[in-house]
Structure formats: structure tokens, C-alpha cells
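Okay, structure first, notes after.
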Amino acid sequence: MTGEELLVVGKPLRRVDALDKVTGQGIYTGDLKFPDMLHAKVKRSEHAHARILRIETSEAESLPGVIRIFTSKDVPGENNVGVIVPDQPVFAEDTVRHYGDAVAMVVAESEDLVRKAVDLIKVDYDVMPGVFDPEEAMLPNSPLVHPDGKYGNEGNVLSKMGYEKGDVEKGFRDADIIVEEEYRPGYQEHAFIETERCIATSDGRNVTVYGSLQCPFYVRDAVAGALGIPRARIRIIQTAIGGAFGGKEDVPSELCARAALAAYILRRPVRKIRSREDSIVMHTKRHPMIIRHRLGATREGELVAARVEIISDQGAYCSVGKYVQKRAMVHACGAYDIPNSKVDTSFVYTNNILTGAFRGFGGPQVAVASELQMDELARRLGMDPLKLRLKNIVEKGGITAKGQNLDNCGKGLRECIEKAANVSQWDEKRDAYEKFNEKMKHSSTGTLNIRKGIGMSSIMYGVALGGPTPDSATSTCQITEDGSVIITTGGTEMGQGAKTVLSQIAAEAVGVPLHYVTILDADTSIVQNSGPSVASRITPVIGEATRRGAKEAVSEISNLACKLLGVNRVRSVIAPDGTPFSVPADAMVKKADIDKFPDKVDYHELVRSCYGEAKLLLGVGFCSTPTLLENGEYRDYYTYSFACHIAEVEVDMDTGRVMVKKLTCANDVGKAINPQTVEGQIEGGAVQGMGYGLMEELVTLNGRILNPSLVDYHIPTSLDAPQITPLIIEEHDSFGPYGAKGIGEPSLIPTPAAVLNAVGHAIGLAVRKTPASPENVWRAIRDHR
Amino acid sequence: MGDRSIKLIVNGYSYNVSVPAETTLLEVLREELQLTGTKFGCDTGECGACTVLIDGRPFRSCMTLAVEVEGKRITTIEGLANGGELHPVQKKFVELQAIQCGFCSPGMILTAVAFLGENPKPTRQEVRRAISGNICRCTGYQKIVEAVIAASKINGGGRK
């Protein structure tokens, strides 16, 4: 940009899907109906680990209206799915490895019938001992989840990953103070309000699947594999999505493969809607981790060494576990300049629920450890946690703890921390709450035994898919005869505002008002694989592909405008009545004066002329992130975004109950394409993160989830959510469209640690596992007495 | 059990449907009347996505049998806009981006509409209490609360 005013980008415009969503007109998967549609439901495993001896389906099959019951022997292609390794069966064959395994599937004429029929399926098992603790799973005599080791696993260890930078032993020898603690961030359930669902149709040759899914191409590949047919015969179409958060990343692969199988064989539409219980028992969760974190510093608070060991429970299948592992490894030491660091991670198979993608992707867990360590260090040094952070953050030109040279970003973090501290009145409140708590300790009157605390957490976040392979995407743009613009991408709208943001980017690039643009729902038969809708990559990566595609589509229009105006370069001005015009790029004209300005051409005339002269107004945008360096090395992530969240809490010392009163959330987004949408991401991410830190607890016993409902698994309600002050920081990025980075995940990552640090400040001791539920906080207080 | 023939008044229109007695109002709305704006989230009354108004008060349609509401006035999200003009709560949800995935929005909006009918000038805390049975996983609730407060300041914000 050359300082020219942006037309559409950077403005808090109305969401393009808003009207549909407030009037009930938005079409979600469950709202679609097809003639002769059948319904399907799976029979889940009744054990965490067992051999299947016999599946008795005759009674279920005899129910009138039951069409067919499917098991593993009906799968014509590969009976396995998996984005990284194909270790998850479409239907369990001889073994079940967790309670969420599908043993069989009933297809029948009604939802009622499938429920009844599933209960009539009888399965004989030979129950085997299971393993439910990742550390026990690493012991030599532990039961093996995948005994043949064909997924690259050694015993139950799916994968080990680590790095060392500098000389860690020497670093700790030079340290004046060493803080060593163990942290246990737990599971988190996505709890999207719309459970997983899909509808498959087929004529016996081609297959189309409509679904609530983040990654249409993952689903396409899984369906092709299971049916043993080419990808070209499969169309995956995304509908409106009722929330995803990573829980609809690879999860729909198995769901859709089963529905597609039934539709393909029966040649009738098959709908699958997971019940809430099926949803919670069957889909991936956030990885629980055991994190042993050792941090060394000088007396003055300068970090000199970090040693981090992470063991994580992968559950029964890999899902995207190895990718989560990499992100956790890279971010394990936090956003700090630490000359000597060593990180080792082990992701381990167990017979628990499988773990996978969840907004933040390993980030929130490692931030809990690294950010509580910083507060612990501050406590022991008698330093203010804010000052300790500012002294140690990695900045532009510095080297990350993992060893990446921050040559293209790194100013955003200081700005985030200073802004959040300033707005939240950190210094004053830190003081005031300490005085309040001191007074309360000696007060015998009053009905409530309350303590107050304020805590912070600051993070860096590697944007998009990590290196060495560049992250790439395609997007097509077509300008129609009336000047309206059609964009197709593989990126999905799941509530985050993707369609609005991509519309703004496309409108800006073409030079037209927002309402000219239509973003089609992702359809795998129309665009080239654009990668998954994950890793906060839609705005920066798919957005950049969209910008490029739109620029290409409008290039003939610009050429013609240049010719007519006799200049080399033109720009767009949108008149007060909404008509777009081309003017010379250096023309000093404001939109209000455009009527009186002579050197202009109406965009619509240009489009008509282009069609008259048979010009191509179609652009295919492609981009790939700059992860590879000229010297042959690569960046872990092509750029980073930064954030600092500050939480204020009140703790009831008698019950352990924590109320979060306020969150101040500063997030560096590069450029806010739509500031209102960015605020929505920050607020929503922060409350989801608060839920993880404060109240969400998945209870398991020997692999069984004991609270598979929203009554027993508590997510924040409007009464739990605090007042939030979102603060947008913009450190321009040289790759992303108009300087944008991603916001989806870094909105959540710092919050759990900020809440836990605020609790720590209030009660004077750390709660090192999530959630800071009344029970866990009360126990911490009691154990300390 | 045989089917029961019942008359329902939904969004001002009268419908005759014949359904088994155990059929929920949610099923009738979605499957018989094709009013799919009312969402199916959990089927056990946990999430509030299926909230509709029955004689102006919010109920979970997944926990309400169709036969129970025979002859009562039912309002779904499709019936809220008055002759095409959005209800003030809908307007403010759009303006303030109180929506993300939109799956909780129909139930949330109807709960807010019923609440403003009873309490036209609420405080933020009163709004939070009123909508606390409707779970939203996307927004963090702040923009929803602000939208309801903003709607309460428009003339007719309490209209049902």
C-alpha cells in the first residue's frame, strides 16, 4: 500500500451472513432434506480395550424399517482414516481401542428406528486390559494399543520430538535461581452447539457429501479411501457450521466415510446427526499434558536456561497429534529470549478418548506451564511479573527460544503487554488487591472470605501451518457481466467471520463495495485443495490467495481504465451512492467530490467493455507462505502474532470458587480486516480459554467419559463470562493481505494461564492443573495450610 | 400408540398435523412444518438452541410435547420479523455482531425478546441472568448482552 485510503478493508462492516442467521434462514446440514432420506447411527464400543468376538445384528435387522447394518466387512476400500497415519478404523475390525470406536452402523427409515435398532445389536467381546495413563503406557510391560507398531510407534509412544539450543547444562550452572514445577493442563471438549452431522448422496458411482466440516479436502480424501474410488468422483460441500473450534477438523472424516459408504451402496441419501452423548464420547479432545518445566534466571531476572519435558495422552489414535506435538514443542518455552533451551515431547497412545485439534493446538497447554513459571519466578525474585516479562520477551531481530530469527516480526508483543497493562491499570490493581487481601486475612468480620487477584499471560503464536513445507492456498475470482464478484475457496465459514473477511479482501482488491461479492460455500469439486480451515490461516493465507485471485480477475479492467485515462496506474474510488469508479492512482480526489472529478471511468462500463472485447475476467489466486529461507534453512512459522491477556478474579477462600471479573485482551492481528469481527474473535476465544482454565473438566475413569453432556460438562454461561476489553494491536505483516495475521487461536491461548496467574495472585499459591474449579482451588488452599 | 391429530398456531398460521403423542414440538416444527430456524442442539434441554415462544414465554421445544401446546400461540425465529421488518433485537444482533456461528442465535434472540417484554429497561446483569440458559460457545456473550441492551433502548424493543 502507498498510504492510499482503503475502501473496504479495516472497516467494521456488517457480517455478510448476519441477516440469514438472525432470521433462521441460514441452512445448516441438519436443515437439508432429500427425498427418500435414510438415517444412520453407530453402535459404539462398550469397552476401552477388547477383542470383538461376534457382532449379532439379526434382531436389529428384523425391525421393520431397518434397511441395513454395516460393519467393517462392508467397507470396499481402506477401512482406515487418518490425516497423518491411517490408524483409525472406519469400523472396528477385530479390536476396539476406546469407548468411541464404531463397531457397526444402523441405517433405517427414521431417527427413532435407528436408536432402537442400535440397542438391539449385541456384541461379544473378549475384554483386554487397557492403559489409561500416558506415563504408565510408556512402561515396558504396559498393554499395547497398536502392538504391531506399524504407525511409526515404538510401544505406545506414537512420537518423540525435541530440540536443544545452546548449552542447557551450562545455562543452569550459570543461573542464580532455578524454578522447577510440574503442570497438568487437562482435556477440553469443544462443545459446539451443533453436534457433528452430514448427509451423503450417491447414484452408485459419484458421491456428494454435505456436512458441518472444517476441512472439506480431508473428508474427500477419507471418503475416497474408504470407498476405493477416485477423488474426482467425490464432491464435499460445506453448509453453514454451528461451531467447530478444531473439533470438526478431521473428525468428520470417519463420520462422512460411514455415511458415504451407506449412500454409495444403498443409492439413497443418508443423514447422520450425532447425539450430544455420541459427540462427546466419539470426537477428539484437547490434549491433556504433563509438563515438567525448569527455568533458570539470574538474580536480576534475566532468563538463561529452560528445560521442558512434555508427555501427552494421545488416546487411541493419532488424529492430528503429531502436528499438535510440533506446535507444542516450538512454543514450549514461551515468547522469551532464552539462550539455552531444551525441549522433549512424547505423545503416547492410550485407551482413552483420542485427542487432536482444538483452537490453540497445544498452545494453551504449554502457555499454562511457561506463563505460570514466569509468575513463580517473579514471586521468588520479588519482581513484578509484568517487569519480568518485559525484560525477557523476544523482539524483532531477536532469536526465539526455539532458535528462529525474528527478522520479519516481533514488535507486537511489547505493544500488547504495555497496552493491556495500561488499560487494565495493572500497577494500581496489583497493589490495591494485595492490600485488600492483607486486610481480609486479618479480618474476622464480614460474611465472605474473599481474595482478589490480577494476573497476566503473554504469548507468541506461529501463524498458519508450520514449516519446512510452505503453507499454500488457492482461490478463484470471477467478475460477472454486472460487475458482481464470485469467490470460491476451500476455506470454510464456521462462525468466525471468514466469509465477511474474505469478502472485504476481495472487494478491496477489485475496488467495489462489499455487497458486490459472494463467497461460495467450499466445494471440493470447484477449487484446488486449499488446505484445512485451521491454524488461524484463513485470513492470512486463504485471504492472500483471494486477494491475488481478485487482483488477477480485475487486471484487464484496470488495463482498460489505464488506457482510457492515459495513465500507467489506476485506483478505485467508491462514490457516496456506492458506484465504483477508476481514477488515476495519483489523483487527489475524495469520494465526496467524485461527481465533479472529470478523470474517471465507471467500473460497470469497464466491465461491459471488457466483456465486449472478450477479455478474461477470471483470476486464480495462489500463494505459499515464506517458510523457506534462501540459505536452505526454514522458519518454524513464517511469522508470529502476539498477545497479552490480563485477568482479574475473586476467590472465595472457603469454597474455592473463582469468579473472573474482568479480562483485558490485547491481540496483535497484523491488520484488522474487520475490527468488529476481530473483537468477536478475541471475546469468544478469551471466554473459551477462561472456560479451560477455570471450569471445564472432562472426567474419565478407565477410558470412560463420565460426563458426556452439557449438564455435567460445564462451559461458560453468560453469568460466568466476565466483562472483556478487547484491544487490537496491528504489527503489519509483509506477507498477509493488507498486513493481516490470524486471530482465531491466539485469542484463546493466553487466557487460561492469565486466569490461573490471577488466582495465584489472589490466594498466594499456584494452581498448576486445570481447571481452577472450586474443588481444585479449595484443595490447593487446604494442602497449603 | 396411534397418531394424534392436533392444531398448532405457529407464527400466526394455523396448522393441522397428525403425529405420535410422544413427538416433541421441535420435531413437528422442523420435520413437519419445515421451520428449520429452530435448532436441534442436544435434544435434552441443555443448550437452549431450540427455544421458541409459547404465548410469549420462552420454552425449549425439545422438551415440550407437541400435544401439550395445542391451540397455544407459538412464535419461532421465522415469525419474529414483522412483515419483513426485523425485530429490534434482531436488528441489534446484526449491527453489533452478536452472532458468530449463528446456531444459538434463534433461541438466544427469542429468549431476549421474551425477557424485554417483561423487563423493558434491564441492567446488563439482568440480561446476563435472563439469557443464562442459552449457551453460546462462540461469542463470549459480551456482544449479545450489548445487543439486548441496545435493543431495549429502541422504541418497540419490548415487542413480542
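The values are calculated or read from the model by the stated rules, or taken from the named source; none is laboratory data. Bear in mind the structure is a predicted one, so any value in this text is a computation, not a measurement. Every residue, glycine among them, receives a Cβ derived from its backbone with ideal geometry; neighbour counts consider all protein chains shown.
Brief remarks on what is shown
- Restricted to strands (runs of 3 or more DSSP E) entirely inside region A:105-189, those with at least 1 residues that are under 19 Å from residue A:292 (Cα atoms) are A:157-165, A:177-183.
- Some residue of region A:312-324 being more than 14 Å from chain B (Cβ to nearest Cβ), buried (at least 24 other Cβ atoms within 10 Å of the Cβ), in a helix (DSSP H, G or I) and modelled with pLDDT of 95 or more: yes
- Filter result (of a type in the set (A, V, I, L, M) and closer than 17 Å to residue A:402 by Cα) within region A:363-388: A:366, A:367, A:369
- Residue within region B:1-21 that is within 10 Å of another protein chain (Cβ to nearest Cβ), more than 30 Å from residue A:688 (Cα to Cα) and outside any helix (DSSP H, G or I) present: yes
- Residue A:223 more than 14 Å from every other protein chain (Cβ to nearest Cβ) and surrounded by 24 or more Cβ atoms within 10 Å (Cβ to Cβ): yes
- Residue in region A:675-688 that is away from chain B (no Cβ under 13 Å) and either under 25 Å from residue A:767 (Cα atoms) or small (Gly, Ala, Ser) (or both) present: no
- Residue check, residue A:253 within 14 Å of chain B (Cβ to nearest Cβ) and among the hydroxyl-bearing types (Ser, Thr, Tyr): no
- Options B:135, B:99: the member that is part of a loop (DSSP other than H, G, I, E, B), facing chain A (nearest Cβ under 9 Å) and touching a Ser or Thr at 6+ places or on another chain (Cβ under 6 Å): B:99
A quick yes/no check of all residues on (1) closer than 30 Å to residue A:509 by Cβ; (2) out of contact with any helix residue (DSSP H, G or I) (no Cβ under 6 Å at 6 or more places or on another chain); (3) more than 14 Å from chain B (Cβ to nearest Cβ):
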| position | (1), (2), (3) |
| --- | --- |
| A:720 | no, yes, no |
| A:733 | yes, no, yes |
| A:737 | yes, no, yes |
| A:741 | yes, no, yes |
| A:753 | no, no, yes |
| A:761 | no, yes, yes |
| A:766 | no, no, yes |
| A:776 | no, yes, yes |
| A:780 | no, yes, yes |
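- Every pair of residues 6+ apart whose Cβ atoms lie under 7 Å, when the first sits in region A:711-737 and is under 17 Å from residue B:144 (Cβ atoms) while the second is β-branched (Val, Ile, Thr) and assigned to a strand (DSSP E or B): A:722/A:660; A:725/A:664
- Verdict on residue B:110 being within 15 Å of residue A:23 (Cβ to Cβ), facing chain A (nearest Cβ under 8 Å) and aliphatic (A, V, I, L, M): no
- Among the criteria (1) at the interface with chain A (Cβ under 10 Å from one of its Cβ atoms); (2) in contact with a helix residue (DSSP H, G or I) (Cβ under 6 Å, 6 or more places away or on another chain), the one residue B:24 does not fulfil is (1).
- Test: residue B:121 is more than 7 Å from chain A (Cβ to nearest Cβ), surrounded by fewer than 20 Cβ atoms within 10 Å (Cβ to Cβ), in a helix (DSSP H, G or I) and of a type outside the set (Val, Ile, Thr): no
- When the residues of region B:44-75 are filtered to those that are within 14 Å of residue B:135 (Cα to Cα) and within 11 Å of chain A (Cβ to nearest Cβ), the one that is surrounded by the fewest Cβ atoms within 10 Å (Cβ to Cβ) is B:44.
- Pairs where the first residue, in region A:543-568, is farther than 11 Å from residue A:473 by Cα and the second is among the acidic types (Asp, Glu), C-beta under 6 Å, 6+ apart: A:565/A:599
- Evaluation of residue A:666 against (1) among the small types (Gly, Ala, Ser); (2) within 14 Å of chain B (Cβ to nearest Cβ); (3) assigned to a strand (DSSP E or B) (one fails), failing number: (2)
- Some residue of region A:726-747 being touching a Pro at 6+ places or on another chain (Cβ under 7 Å) and of a type in the set (Phe, Trp, Tyr): yes
- Taking region A:333-349 as the range and being within 20 Å of residue A:393 (Cβ to Cβ), in a strand (DSSP E or B) and of a type in the set (Gly, Ala, Ser) as the test, only A:341 passes.
- Qualifying residue in region A:68-78 (condition: touching a Lys or Arg at 6+ places or on another chain (Cβ under 8 Å) and either of a type outside the set (A, V, I, L, M, F, W, C) or in a loop (DSSP other than H, G, I, E, B) (or both)): no
- Meets criteria (surrounded by fewer than 23 Cβ atoms within 10 Å (Cβ to Cβ), facing chain A (nearest Cβ under 8 Å) and farther than 27 Å from residue A:711 by Cα) for residue B:78: yes
- In region A:469-495, of all residues being in a loop (DSSP other than H, G, I, E, B) and either closer than 20 Å to residue A:733 by Cβ or assigned by TED's automatic domain parsing to the domain that holds residue A:239 (or both), the one that is modelled with the highest pLDDT corresponds to A:471.
- Residue that is surrounded by the most Cβ atoms within 10 Å (Cβ to Cβ) [pool: residues in region A:187-204 that are closer than 24 Å to residue A:701 by Cα and at the interface with chain B (Cβ under 9 Å from one of its Cβ atoms)]: A:195
- Single residue of region A:636-663 satisfying the filter (crowded, with 24+ Cβ neighbours inside 10 Å and within 14 Å of chain B (Cβ to nearest Cβ)) that is farthest from the chain's Cα centre (by Cα): A:660
- Any hit, region A:496-504, residues being touching a strand residue (DSSP E or B) at 6+ places or on another chain (Cβ under 6 Å), in a loop (DSSP other than H, G, I, E, B) and either surrounded by fewer than 24 Cβ atoms within 10 Å (Cβ to Cβ) or assigned by TED's automatic domain parsing to the domain that holds residue A:747 (or both): no
- Sole exception among (1) crowded, with 24+ Cβ neighbours inside 10 Å; (2) within 21 Å of the chain's Cα centre (by Cα); (3) part of a strand (DSSP E or B) for residue A:295, by number: (2)
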